[in-house]
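**Student:** Take a look at this one; I'll ask things after.
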Amino acid sequence: MSDRQPPEPSPFTTAIVRGALTRRTALTGLAGLAATGLLAACGSPGRNASASGSASQAPKAAATDLSEADKLVNWSNWPEYIDVDAKGKHPSIDGFTKATGIKVNYNEDYNDNDEFFAKVRPLLDAGQDTGRDTWVSTDWMVARLIRLGYVQKLDYGNIPNLTNLEPSLKDVPFDPGRVYSLPWQIGFVGIAYNPKATGGRKVTSVDQLLHDPALKGKVTMLTEMRDTVGLVLIEQGKNLANVTADDFTAALAVVQAAKDAGQLKGFTGNEYTKPLASGDTAACVAWTGDVVQLRADNPQLGYTLGEKGIPMFSDNFVIPNFAKHKLNAEKLINYYYDPKVMAEVTDYVNYISPVAGAKDELVKKDPQVASNELIFPSQEVLAKTQTFRALTAEEETSFNRQFQAVVTG
Amino acid sequence: MAALTQAAVGAEAPVSRPRRRGGLVPLVLLAPALLWLVVFFVVPTISLASQSLQTGDIDNGFTLTWNFAVYAEAMARYWPQFLRSMVYAASATLGTLVLGYPLAWFIAHRSGRWKNVLLVLVVAPFFTNFLIRTLAWQIILTDNGPVTGFFRATGLTAVLQAMGLTDNDSLLGSQFAVICGLVYNFLPFMVLPLYTILERLDVRLLDAAGDLYANGWQTFWRVIWPLSLPGVVSGTLLTFIPAAGDYINSRLLGNTQTVMIGQVIDAQFLRVLDYPIAAALSFILMAAIIVLVAGYVRAAGTEELV
């Protein structure tokens with residue numbers, strides 16, 4: 001017998017060991033279950049399997065509209081993407097409720113296109129209400145939602161203010177004829193830099209961003225594939241409206257090379273702003289609205305929009321299948337297409353407004369914002385904008401796979 | 001167990017009623033936990049296993065094709081990230097042990113009336129969101145901050161660089177930062193089990209060790225450490241398991257070369273929508289952790305670790 005007593009396991013340890021054993025037992029059990037073919041029950045049909053032909057609207061996509069009886073609209077939006085007053089309220093939403101008597105259940109639970117899609121997909125796939133009447137998706141996600149038949153056609157009869165839609169946005173590749181979506185805010189993709197961290201140097205091109213030794217290890221790019229690769233594609237003289245698979249692979253190789261050379265610090269979502277302001281990131285791919293807001297506190301930050309072309313993204317209202325308050329959602333969209341209301345939003349969020357006439361309203365109210373070229377870009381800047389073309393399902397999978405191999409490789 | 005005892009004692013009494021009650025009560029008490037396990041563990045695990053063996057895409061649906069090749073593919077493509085996750089998690093576990101052990105001892109035996117305050121302080125970071133806590137480390141390790149300044153002034157940045165833990169004279173965006181973040185985020189999981197064990201340790205044993213001419217080190221290694229082993233085992237498991245699957249620290253504090261397996265699963269599941277490979281990766285991670293933990297617990301249980 002040993003001179004030392006074996007340490008008695010605490011109840012804590014025992015519980016953990018048991019936990020592990022239970023897992024193992026569960027796994028053994030699993031093998032048995034698999035043999036019975038239970039796993040086969042877990043397949044999912046997909047959209048095209050049932051819907052004949054192209055991804056047309058699912059036959060029963062509309063729910064009974066409770067809009068008249070139930071004066072409510074459920075709206076999911078990105079965080080900090082609407083006007084806020086000193087009390088933390090949203091004056092434009094209050095204005096809508098006052099004008100129409102419709103209450104708005106406003107949720108800032110749209111943090112990321114992919115995450116939000118993962119959240120609502122099982123419901124839409126099963127033909128269930130998502131509890132939301134409208135939300136704001138980025139252009140390429142709108143294309144996917146349309147492709148899968150997850151969103152409903154908008155009734156223009158309920159949106160008379162549509163006449164105020166910026167003419168250049170009326171027909172877009174991801175939603176030809178604007179049948180399913182209307183833009184909420186627009187933004188450009190450019191290069192932001194902090195002169196403190198670049199040694200006073202300007203960053204004027206993608207080429208410099210990816211190769212300048214002064215920036216080595218202090219560059220971030222976006223996890224949004226189309227924004228990051230789009231910048232490189234334009235630098236290589238391609239047009240985003242007709243990108244081929246080879247173009248994409250070639251552009252991605254440039255990003256991979258920069259990553260391998262240690263030029264890149266990382267790929268980020270919204271969280272690039274703080275390191276940029278502090279100087280931990282010297283230069284990065286950045287969205288216009290963020291840069292305008294960052295500059296309020298850090299006026300020294302620089303921003304470069306591409307000479308050859310500027311990737312443009314839009315975030316768009318859509319109405320999902322089985323929404324219970326479709327009419328109210330359309331009334332809400334209509335309300336925001338009033339230039340006065342949109343001016344109020346633009347004044348706060350600093351992105352580009354899709355509503356013509358918002359600038360004229362804002363000139364009266366806040367001339368400084370109205371004269372900001374990043375919020376109300378000139379015609380010659382607008383002429384340079386490019387939008388990534390809609391991808392087929394196969395292309396989307398293939399591009400995403402290649403891109404994620406670089407990001408998480 | 002209750003039923004057995006009762007039946008043995010009251011052999012004369014009518015057997016059926018107490019036995020039935022004894023049989024039902026544990027079942028009723030267990031039911032909520034069992035139901036919980038079935039709904040939130042067994043069912044998802046089965047669906048995950050099924051998902052990993054399916055082929056297809058979201059447009060055309062997924063069908064079960066028993067595609068076991070996906071596991072080989074997953075390992076072939078992502079073994080570096082797997083290995084990295086295990087190494088980071090192990091380093092972080094060691095880090096929490098080295099930091100947590102003295103802390104737990106101090107709280108248990110040297111803190112006097114401050115004991116409760118210190119315990120609350122250990123748990124206090126949990127009052128803040130995990131993401132916020134990790135983002136705070138971006139500020140702590142920032143290039144112009146005092147920590148980096150100190151490391152540069154003392155030449156520690158050069159040491160870290162020589163060890164391959166950082167790539168340049170910054171601290172942020174490196175393996176070092178990721179491991180620091182993991183250590184910080186999981187430290188309470190190490191300290192609390194250690195504290196529970198050490199607090200119950202009879203300090204008279206130390207006097208006895210002294211009487212038997214044991215020096216400080218011998219007292220620790222022959223008396224305190226073996227007695228605290230259950231706490232060490234729980235603490236290391238509670239730290240290692242979540243750390244191996246973590247993806248926030250490496251995303252916020254690391255660089256493009258510090259990607260952990262959690263990030264890969266996140267990317268495959270959410271961005272690429274390749275559910276089978278994401279499911280296969282999750283399964284491999286689960287299996288790897290179970291194997292490691294089972295081996296570790298067995299070794300610890302037979303005193304071979306001592």
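**Student:** Please specify each residue of segment B:58-112 satisfying the condition of being under 15 Å from the mean Cα position of the chain (by Cα) and not small (G, A, S). Step through it out loud before you land on a result.
**Tutor:** Taking segment B:58-112 and keeping what is under 15 Å from the mean Cα position of the chain (by Cα), we get B:85-97, B:100.
Selection gives B:M86, B:V87, B:Y88, B:T93, B:L94, B:T96, B:L97.
**Student:** Counting only residues that are aliphatic (A, V, I, L, M) and more than 19 Å from B:S282 (Cα to Cα), which one in segment B:31-62 is modelled with the lowest pLDDT?
**Tutor:** Start the filter on segment B:31-62 by keeping residues that are aliphatic (A, V, I, L, M), which leaves B:31, B:33-35, B:37-39, B:42-43, B:46, B:48-49, B:53, B:58.
Imposing the further condition that a residue be more than 19 Å from B:S282 (Cα to Cα) reduces the set to B:31, B:33-35, B:58.
On the way: B:A31: 92, B:A33: 93, B:L34: 92, B:L35: 93, B:I58: 84.
So, considering only residues that are aliphatic (A, V, I, L, M) and more than 19 Å from B:S282 (Cα to Cα), the one modelled with the lowest pLDDT is B:I58.
**Student:** Tally time: how many residues in segment B:84-99 are of a type in the set (A, V, I, L, M, F, W, C) and either in contact (Cβ under 8 Å) with a residue 40 or more places away in the chain or within 14 Å of chain A (Cβ to nearest Cβ) (or both)?
**Tutor:** Here is the first cut: in segment B:84-99, the ones of a type in the set (A, V, I, L, M, F, W, C) are B:86-87, B:89-90, B:92, B:94, B:97-99.
Okay, now just the ones that are also either in contact (Cβ under 8 Å) with a residue 40 or more places away in the chain or within 14 Å of chain A (Cβ to nearest Cβ) (or both), so B:86, B:89-90, B:92, B:97, B:99.
Number of matching residues: 6.
**Student:** Now, a different point. In this structure, does B:R251 turn out to be closer than 21 Å to A:T268 by Cα and more than 24 Å from the chain's Cα centre (by Cα)?
**Tutor:** Numbers: closer than 21 Å to A:T268 by Cα: yes; more than 24 Å from the chain's Cα centre (by Cα): no.
Considered against the rule, which asks whether it is closer than 21 Å to A:T268 by Cα and more than 24 Å from the chain's Cα centre (by Cα), B:R251 comes out as no.
Listed here are the residues, each with its yes/no results for (1) touching a Pro at 6+ places or on another chain (Cβ under 9 Å); (2) surrounded by 17 or more Cβ atoms within 10 Å (Cβ to Cβ); (3) closer than 21 Å to A:L276 by Cβ; (4) at pLDDT below 90.
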position	(1), (2), (3), (4)
B:A108	no, yes, no, no
B:N116	no, no, no, no
B:A153	no, no, no, no
B:D169	no, no, yes, yes
B:Q175	no, yes, no, no
B:P188	yes, yes, no, no
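**Student:** Which residue out of B:L270, B:L253, B:L292 is crowded, with 16+ Cβ neighbours inside 10 Å, within 9 Å of chain A (Cβ to nearest Cβ) and either in contact with a strand residue (DSSP E or B) (Cβ under 8 Å, 6 or more places away or on another chain) or not polar (S, T, N, Q) (or both)?
**Tutor:** Details: B:L253 fails: within 9 Å of chain A (Cβ to nearest Cβ); B:L292 fails: within 9 Å of chain A (Cβ to nearest Cβ).
Unique residue meeting the criteria: B:L270.
**Student:** Given the conditions (1) under 30 Å from B:F189 (Cβ atoms); (2) surrounded by 15 or more Cβ atoms within 10 Å (Cβ to Cβ); (3) touching a residue at least 12 places away in the same chain (Cβ under 8 Å), and given that B:V123 satisfies all but one, which numbered condition is not satisfied?
**Tutor:** Among (1) under 30 Å from B:F189 (Cβ atoms); (2) surrounded by 15 or more Cβ atoms within 10 Å (Cβ to Cβ); (3) touching a residue at least 12 places away in the same chain (Cβ under 8 Å), B:V123 violates only (2).
**Student:** Inside segment A:341-409, counting only helices (runs of 4 or more DSSP H) that do not spill past its ends, which hold 2 or more residues that are assigned by TED's automatic domain parsing to the domain that holds A:W287? Write out each step before concluding.
**Tutor:** Numbers: elements: A:358-365, A:367-370, A:379-383, A:393-407.
Of the helices (runs of 4 or more DSSP H) lying wholly inside segment A:341-409, those with at least 2 residues that are assigned by TED's automatic domain parsing to the domain that holds A:W287 span A:393-407.
**Student:** Then there is this: Would you mention how many residues in segment A:106-135 are farther than 29 Å from A:G88 by Cβ, touching a residue at least 40 places away in the same chain (Cβ under 8 Å), in a helix (DSSP H, G or I) and more than 9 Å from chain B (Cβ to nearest Cβ)?
**Tutor:** 1
**Student:** In segment A:63-84, which residue that is among the aliphatic types (A, V, I, L, M) and either part of a helix (DSSP H, G or I) or modelled with pLDDT of 85 or more (or both) is farthest from B:Q54 (Cα to Cα)?
**Tutor:** Looking at the filtered set, the residue picked out is A:V84.
**Student:** Among the residues of segment B:26-55, what is the count of those that are at the interface with chain A (Cβ under 7 Å from one of its Cβ atoms) and part of a strand (DSSP E or B)?
**Tutor:** Residues that pass the stated criteria total 1.
**Student:** Can you tell me which residue is farthest from the chain's Cα centre (by Cα) among those in segment A:360-383 that are surrounded by fewer than 18 Cβ atoms within 10 Å (Cβ to Cβ) and either of a type in the set (D, E, K, R) or within 14 Å of chain B (Cβ to nearest Cβ) (or both)?
**Tutor:** A:K364
**Student:** For segment B:235-250, enumerate the residues that are within 8 Å of chain A (Cβ to nearest Cβ) and in contact with a Leu (Cβ under 8 Å, 6 or more places away or on another chain). So that I can check it myself, show each step before the final result.
**Tutor:** Residues of segment B:235-250 within 8 Å of chain A (Cβ to nearest Cβ): B:237-238.
Of everything in segment B:235-250, nothing turns out to be within 8 Å of chain A (Cβ to nearest Cβ) and in contact with a Leu (Cβ under 8 Å, 6 or more places away or on another chain).
**Student:** Taking B:V87, is it aliphatic (A, V, I, L, M) and modelled with pLDDT under 95?
**Tutor:** On the way: aliphatic (A, V, I, L, M): yes; modelled with pLDDT under 95: no.
Answer is no for this residue.
**Student:** Which of the numbered conditions does B:G164 fail, given that it passes all the others? Conditions: (1) part of a loop (DSSP other than H, G, I, E, B); (2) at pLDDT 95 or above.
**Tutor:** (2)
The values are calculated or read from the model by the stated rules, or taken from the named source; none is laboratory data. Since the model is a prediction, treat every value here as computed from it, not as a measurement. FYI the Cβ positions are ideal-geometry reconstructions off the backbone, even for glycines, and counts take in every protein chain you see.
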